[in-house]
Each structure stands twice: as C-alpha cells, then as structure tokens.
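What follows is calculated from the coordinates using simple rules that are stated; it is not laboratory data. Because the structure is a prediction, the values reported are computed rather than measured. As a convention, Cβ positions derive from the backbone with ideal geometry for all residues, glycine included, and neighbour counts pool all protein chains shown.
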Amino acid sequence: MPLIKKEDPEDSLDERLQNQARIEELVSDGDDAFEDEDENGASDDSGIPFPGKPSKRQRKMPPWLQQATINLFHDELVTTTSEAQQKVTAECLPLLTEEDTGIFSLNTYGLPHLRRDQHASFLRAQLERLPAQYQVIDASRPWLFYWTMAGLSFLGQDVSSYRDQLIATVSPLQNPGGGFGGGHGQLSHCAGTYATVLALAAVGGLRMVDRKAMWHWLGSVKQSDGGFCMAVGAEEDIRGAYCAMTILTLLNLPLELPPDAPSRKHGLTSFTDKLGEWVGKCQTYEGGIAGAPTNEAHGAYAFCALACLSILDAPAVSIPKYLDVPALVAWLAARQTTPEGGFQGRQEKLVDACYSHWVGGCWDLIQAALPDNSTLGEDGKDIWNRAALIRYLITCCQQPGKKGGMRDKPSTRPDAYHTCYSVAGLSHAQNHYRYNNNNQPSSEGRLTAAFNWTASPPTEAEMREWKVDKEDLVEFVHPVFVLPMGVVEAARREFEQGGF
Amino acid sequence: MGKYSDDPAWADVTPLPTDEGGPNPLAAIAYSEEYEETMSYLRAAMAANEFSPRVLDLTEDLIDMNPAHYTVWLYRAHCLFAINSDLKEELDWLNETALQHQKNYQIWHHRMLILDKLDSCEGEGEFVERMFEKDAKNYHVWSYRQWLVKRFALWENGELEFTEKLIEKDVRNNSAWNHRWYVINGREGEGVRGITDPRIREREVDFAEVAVAKAPQNQSPWSYLRGIARKGGMPLSSLKDFVSQYASLEQPDEVRSSHALDMMAEILAEEDNGKQQAGAALDMLAQKYDPIRKNYWEYRKGMLGLPSAAA
Ligand SMILES: [Zn+2]
C-alpha cells in the first residue's frame, strides 16, 4: 500500500509533515511501506478488544472519568469543533475506562504496562533505509535522528553504539559557514541544527561540531528586535529563540555576537540582547504564548518560551520578569482535557499526545518559577494532574501489536515524533524536577542556569496514586534541553573551557 | 539518462551528487532517480550562485516532489528577485500549489515575500478565505492573514466583519477570536486605541456575551472577556451579573459553565469579605464541576490566603 494516499490529504505523509505548528511533525510508520496491510491497517495491530477477557470487575474511576462528570456541560450548539471533539471523546473513553484494554498486559492497577520493548524497536526501525516516499522528509531528517536517540534514551536504551554512524551521517549536513541543514547541500536551519546537536549529544558525538562556524552562523540569524530567524531569510519565531539558545549553551559558545552579525548594526552586542523582551511579546491576551507576537497561543510555543527563559536565568527570576505568570498558569492548566486527560495545544482544539511534552514539560519550568512552593496544592506540590496524563498516554496512545510506537490519539498512526514526546511526557508526569539555586557556579561568559536541575523518582505512595508500576518508570528528561540528565552534564563538562 | 543530464541547456553544469556520509547512513532515503538528479543540479547551481530562468524551473520541479524543502523555497525567492521575474506569474503558480499543500509553512512565507515585493494584495483576502474552508484553524494561514492586514493596512477593510463571519460559522474557532483581538488591538503601538477605548470595549463585551450564550462551555469568549478585563482596564466585577447567569453560589447545582464558575471565583476574591465565597466556588470546581483540575483549583484557593487552609 502506498504510504502517501493522495486522495486523503489529511492522512498523507507530506501533509502531516508540513504542520510545523508543533515544531515539525513527522509521520514515520516506516515499516508500513514494507508490509502489506489492508486499507484500514487492520492486521495484527487493530486493537480489537480481546473477546475472551473476563468482563471487568467494576473499577472505581477517577473523578474526571465518572459518569456524572462526563455528563456535565454539553452545549447543544453543534459546530465543526464540537463534532471533532465528540468523535475523539468517543474513541478514547472505552480505553480510558478500561472497558477496552485490547491485548495489553495490565499492571498492578489494571492499566496497561508501558510497552517499552515494542516502542524501542519501533524507534530503531526508523533508522533503517527509508523508501522513496520519504523524499518529502528530506529536509527534516535531523528530527528523525533526535526523536529516535532521545526516545530510545528515555526508554532506558543505550544509544552510544550509534555514535560513529550518526557522526558520519550528519557530516555532509554541516555547512562550512556553520550550522546544519536538513540534508546535504541544504541551508543551515535552527530546527535542523537543534535536532542534530541534541542527537549528537545523546550519543556523545558533539566533538564533530564546528563550534566557531556555528557561532558565526547563529550570529547571522539573530534579529535586531531580539528574536531569531529559523534560517537566513526565513521566518522569525520562538522556536528559533529556543533552538539557538540551546545550541549556544550546550556548546558553550561566546554570548558576545560575532563581529559580522547584522544585528550589531542596530546596536546589539550579545545573543541575549532584547531576547527576554521579545519572548514576553509573544504572550497573548489568553495568557498563553504564541509562535510570534500577536499570533494565537499554542502549547509548543509555550514550552519554547519557558525553556528559552530558563536558559537566560533561574526560572524564578527570568519567567516572572518577562511573563504574566498567573495568566500563563491558568492557560496551561486549562489545556488538560476532560475526559481524555492529555493536553490540547490550543483552546478548543483536540487532545494530542505530543503536548504531553510541550505542555507537560511547561509544568517543570513554571512550578520552579513560583515564588513560594508552600502555596502549591494542599496535598502536594503540583498544579496539574499527573495521573490523568499517565492514563491517557498508557491507555490511548500505545499502538497495539508487535510494531509498537506511540500515537497522537487512538485514530492516528504511531510515528517517531509522537513516540519521543509521549515518552518524554510520561517522564514529566512520573518524575520530579527541581531547580537548585546556585548549584553551578557561573563560569566565564556561559549561561549556567539550565545546568542547575536535579531529578528524582516518585515515591511509593505517588506511584500508587498515579497507578504506575516500578517497571514502567521511564528515565529522567532534562526539563530545558529534553535530553537525558547525564547527557546534559557531559556536554557541560566537555565544553567547560569555552574558547575555540 | 535523466531530464537534466540529457538536456543540452544544462550541459555546462557538473551535478553534485548526494553525499551520504559513508557506507551506512542512518535513515537514508532511497531517493527516486528523478529527485536525486534534480537535487544534484540544485546543489551545483547553488554552489555557483546561479540565478537564472533555468534555476527557477529546477526549483519548481523540486517543490513538486518535496514542498517542505525550505532551502529550495528560499533559493527560489532569491532567484526570482535577482532576475526580476514576473511576480504575478509566480502568484498564479503559488495558488495552485497552495491548495495542494496548505499546511506547508514555506509556501506562506514565500507568498509573503512575493506580495511584499509586488506591493499589492489584490484578491488576497478572498484567496485566504478559501484556504479557511479546508481548515479554519490553520496556524500558518492565520499568521499570514495577520501579516497581510498589517502590511497593507487592511484594519478597517471588512476585517472585523470577517472575524464575525468565521465566529458565526464556528463560535469555538479560537483562531478567529485571536484574529479579532488582533484587528482591534493591533495598532495600539501606533496610537490607535483598541479595547482601552470605552466604546470599543463595550461593543466587544457585548459580542463575547452573545457568543457565551450560544455555547456557555466554549472557552474562547470567556478568555476574550478576561483579556478585555486584564488589558482594557475593566474591573471583572462589572461582569458579575452576566457571569451569575451561568454560575452562582446561590444555585450550586445549576452551574452551566465551569469557566463562568472560575470567573465568579475571581470576581468574589476581589470583593471585600468575598474570599470565603471565592474559596467555596473553587471548591465546587475541584470537587464537582472540573475535577481534573483539582490541584489547580486548590492552588488558586491557597493563593486567597484564607486564615485556615484546611478545607
Ligand atoms: Zn501531535
């Protein structure tokens, strides 16, 4: 079956690929192209409820899944939005309420286990040779490297064996003028460079990066208003700001703008000049953050904004300095959907697993920005609902069948993007992340705030409350750089000396 | 052998084939011969900094095969301007391509570059509107629309009516609400007052209240109202009567919108001696009307600074 169904653009690879609103989504059910499946993909992985399953002991549902709650607030007016929402609730509810657990094996609490091995092999399969239909991702291949290396690491897999192969593969992507393009002969791009640098970090291969050239190239995308363009001549948005500051910080490049940086002509001297102010302008009347000033508030951009500010300084300093925190907290809290329990990216849009990271990851950062932890909820320190997110990811987003992988929602196919960010989201939900003031002494010229994070696993009581078995815990994910904690520490040490 | 290698017009160019970086590249794409060849000629053209009509044709070929190829788009734009190509013609070609690849970011950025140079936006509003028929929440198209409004000063060219039309079609289209906010407030920097102008504020409050009545659990108009209060210097308490139609402590079983109850809690918290009641509203949200956000509502209650934190 051809991978790209031209008659159904919504489902086709290139359409999904081009939805860059979420940084860049990439469909990657690669093995489909090799296997013969029928139209509906109904082979071994159709997720048909197992008929012999004993009808479940009536479980007590959490409050947001009880019938009385689900019955609340059904406005009569039908619109495109409400129809789409109704459809998604209908496909999720049987899975959420465990009426339909498919063929999954269940944990102590009756929820499915994390299918760790299947998801890992799904990710590994993305690195095999891809058929010609994948031409449409020719400009986004670095993402595939990042999603697989990061996703595998979060699942507890060793990826260092990919080091030599990855270094060789990305060498032609590095441009003499600095940065990485999406492929050989392509212009350097913030997204491709971010993804490549992070993938290299994950395998311990950062040494192949030409740091001095990178510094020059980053100077060429810094804008006089404080923000960053994605590439020379391309759009300016908040992804650029986050990607550029991540690259700069991990590689310990000088904060000072290179002499040939165009923004110097407008009086800027540092990469950080006007940056916090520019990020602040992206907060909208809703309280959330847009990709660029005046656009619509969006979960992926909220993460980019908070992570970027958390590179500039301690979250408790930089976030309240540039953003209206209560408005943002209210906006973020409202993104968790009832009854699904995952996050939506925008107001009145649908739940989607990738926001488990984009919005889920915001909580680590914003909770660290609140002045006084004692004002956080009575029985804990969280403002959000971890148990609901875990349930959504575990029951609705795991692809059944031997191929594994994780997906946006039950009616979609798994891909590397959603697998990586679902597992990262699971990590935000399962683990605790703390910012420790002045843990790292600031070193010459380097922004060190982002290196001050520590992580800890949930307590036994929390695992019971969130219905998680120990064997289903995933690795810690660095709240700013979205890499394993050890990888970030290794990068910090590797370039501690600075210079070129 | 191939379209370009067989073409005498390209005989002077030595193609640069793809460097895979070694014998075992990761996630290597088995390019079609056509794509591989065209890319090889593009690399050669870019290396030589060639801007010519034949390069334009080449980029068109590549965009047909891979519309997400940002390098090709950027190079094409560069080329169009360098050789003074007919930009109207470019727009015609873009119109066809856009309908096929609506979710592509590059195409909208490219369109922006072209229109900026053309210095005319004739027919553009209608074109964008047609795009919304396929997906009325497309982020790139909305961001393009904002650019159009600003670049060609279309603030008062029916733009407000346009948002009204889309909101009428789907009152839950938050992108249309955001655009409405932009149309009204996007010129504050130039001294044109938006919701800080009392007359405009009143009109917009009415507009949002009518929308709430259609579907009280739709969050978009509630956020809009809150935005007006926050940015427009209007006390939330002026909405109390309106909000109490949807949520009131006197009728705790008749709440018609969790967003109304949330706003009521905020209104009460601002009143003298209202904190206790605000706490009660937040309890209702945590326990009955919005239990998924129990932690958030408790956090908000904690912020009230009530004497005894224990509920
Ligand atoms: Zn997604």
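Some observations on this one:
- Computed [θ] at 222 nm, helices only, for the protein assembly as shown once each DSSP H run of length n ≥ 4 contributes -39500 (n - 2.57): -14000 deg cm²/dmol
- The ranking of A:Phe481, A:Phe500 from fewest to most other beta carbons within 10 Å of each one's beta carbon is A:Phe500, A:Phe481.
- Against the empirical curve 2.2 N^0.38 Å, the C-alpha radius of gyration of chain B lands at a ratio of 1.41.
- Cα centroid separation, the stretch B:259-307 to the stretch A:473-488 (Å): 35
- D_trans [Stokes-Einstein, Kirkwood Rh over alpha-carbon pairs] for the protein assembly as shown, 10 °C, 1.306 mPa s, µm² s⁻¹: 58
- Two-decimal ratio, the stretch B:248-311, of alpha-carbon radius of gyration to 2.2 N^0.38 Å: 1.00
- The tail of the calculated P(r) for the stretch A:11-494, taken as Cα-Cα distances beyond 36 Å, holds 26 percent of the pairs.
- Links that overshoot a 31 Å alpha carbon limit, given the list A:Lys409/B:Lys134; A:Lys222/A:Lys381; A:Lys274/B:Lys150; A:Lys274/B:Lys165: A:Lys222/A:Lys381; A:Lys274/B:Lys165
- Share of alpha-carbon pairs per 5 Å distance bin for the stretch B:128-265, given as whole %: 2, 10, 19, 21, 18, 14, 9, 5, 2, 1, 0
- In this Cβ point-charge picture (+1 for Lys and Arg, -1 for Asp and Glu), the stretch A:183-258 has a dipole of about 320 debye about its Cα centre.
- Projected over every direction and averaged, the convex hull enclosing the alpha-carbon atoms of the stretch A:382-468 yields 8.0 nm².
- Label-point gap, in nm, between A:Glu460 and B:Asn273 - each point 7 angstrom along Cα→Cβ: 5.0
- Degrees between helix B:258-270 axis and first principal axis of chain B (Cα, 0 to 90, nearest 10): 60
- Proxy reagent accessibility, fewest Cβ within 10 Å first, across B:Phe81, A:Phe451, B:Phe127: B:Phe81, B:Phe127, A:Phe451
- Ascending count of other beta-carbon atoms within 10 Å, so fewest first, for B:Thr38, A:Thr294: A:Thr294, B:Thr38
- Relative to the longest principal axis of the Cα atoms of chain B, helix B:70-82 runs at roughly 70 degrees.
- Compactness of the stretch B:1-85 is given as radius of gyration and Dmax, 13.2, 43 Å, from Cα positions.
- Average silhouette area of the stretch B:191-250, convex hull of alpha-carbon atoms, in square nanometres: 4.3
- Once the Cα atoms are used to define both axes, helix B:87-100 deviates from the longest principal axis of chain B by about 60 degrees.
- For a label point 7 Å along the Cα-to-beta-carbon line of B:Asp135, residues of the stretch B:90-108 with backbone N under 15 Å: B:98-108
- Mean sequence separation of contacting Cα pairs (under 8 Å, at least six apart), scaled by the length of chain B, corresponds to a relative contact order of 7 percent.
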